[in-house]
């Protein structure tokens with residue numbers, strides 16, 4: 001009888017511990033940022049990051065876009081005084097090395113939708129973007145060269161069968177939309193579509 005009582009007590013304690021842990025995890029996740037990614041495409045007039053040149057491909061070449069291996073959302077510091085903020089979009093150019101490392105994060109000023117990122121009142125938003133993006137990692141972009149006459153895979157980013165795969169540096173443009181309601185921050189992140 002004592003064994004049953006002790007076993008029941010142990011089971012109740014274990015279950016209450018799980019419930020407490022789940023409640024704590026739920027409360028923590030309610031304070032975390034939510035993220036939706038959006039890449040900004042190149043501008044039709046050729047505008048964009050100053051000095052950025054497009055790659056020219058030969059008929060035997062294909063370009064493989066970089067793929068995010070790690071892209072944690074930007075977060076405002078816990079001590080941020082912001083209790084409210086209407087949806088505010090800041091944009092940044094991420095300059096990636098041929099190895100897929102983010103070398104630099106530059107604020108974008110060439111689009112009306114990105115103007116808020118240049119305002120002094122939003123410096124904390126741009127700093128949050130910079131801090132997060134500098135930790136991002138990518139599978140590198142690459143130029144894939146196929147032998148003349150060789151069939152290329154039907155999937156655009158597939159370099160299977162390429163005679164040469166050369167990792168290349170690229171610049172990606174992302175938009176980050178911050179919103180604060182009653183002290184709760186949400187961030188939508190995405191590539192800037194040109």
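List of remarks:
- In region 165-194, the residues that are outside any strand (DSSP E or B) and modelled with pLDDT under 90: 182, 183, 194
Per-residue answers, yes or no, for (1) touching a strand residue (DSSP E or B) at 6+ places or on another chain (Cβ under 9 Å); (2) outside the structural domain of residue 121 (by TED's automatic domain parsing); (3) modelled with pLDDT under 90:
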site: 47; (1), (2), (3): no, no, yes
site: 53; (1), (2), (3): no, no, yes
site: 58; (1), (2), (3): yes, no, no
site: 77; (1), (2), (3): no, no, yes
site: 80; (1), (2), (3): yes, no, yes
site: 84; (1), (2), (3): yes, no, yes
site: 92; (1), (2), (3): yes, no, no
site: 96; (1), (2), (3): yes, no, no
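- Across region 106-127, the qualifying residues are those that are touching a helix residue (DSSP H, G or I) at 6+ places or on another chain (Cβ under 6 Å) and either within 11 Å of residue 175 (Cβ to Cβ) or not in a helix (DSSP H, G or I) (or both), and the one among them that is modelled with the highest pLDDT is 107.
- Positions within region 146-161 being surrounded by 18 or more Cβ atoms within 10 Å (Cβ to Cβ) and closer than 26 Å to residue 102 by Cα, in sequence order: 159
- Residue list for region 128-150, restricted to those being in contact (Cβ under 8 Å) with a residue 60 or more places away in the chain, within 22 Å of residue 74 (Cα to Cα) and part of a loop (DSSP other than H, G, I, E, B): 135, 136, 140
- Checked against (1) surrounded by 14 or more Cβ atoms within 10 Å (Cβ to Cβ); (2) under 22 Å from the mean Cα position of the chain (by Cα); (3) on the phi < 0 side of the Ramachandran plot, residue 100 meets all criteria but (3).
- Members of region 69-92 that are surrounded by 15 or more Cβ atoms within 10 Å (Cβ to Cβ) and outside any loop (DSSP other than H, G, I, E, B): 85, 88, 89, 90, 91, 92
- So residue 137, is it surrounded by 11 or more Cβ atoms within 10 Å (Cβ to Cβ) and farther than 20 Å from residue 101 by Cα: no
- Condition check for residue 21: farther than 30 Å from residue 152 by Cα, assigned by TED's automatic domain parsing to the domain that holds residue 157 and either part of a loop (DSSP other than H, G, I, E, B) or at pLDDT below 50 (or both): no
The values are calculated or read from the model by the stated rules, or taken from the named source; none is laboratory data. Given the structure is predicted, the values throughout are model-derived calculations rather than measurements. Positions of Cβ are generated from backbone atoms using ideal geometry, with glycine treated the same way; all protein chains shown enter the neighbour counts.
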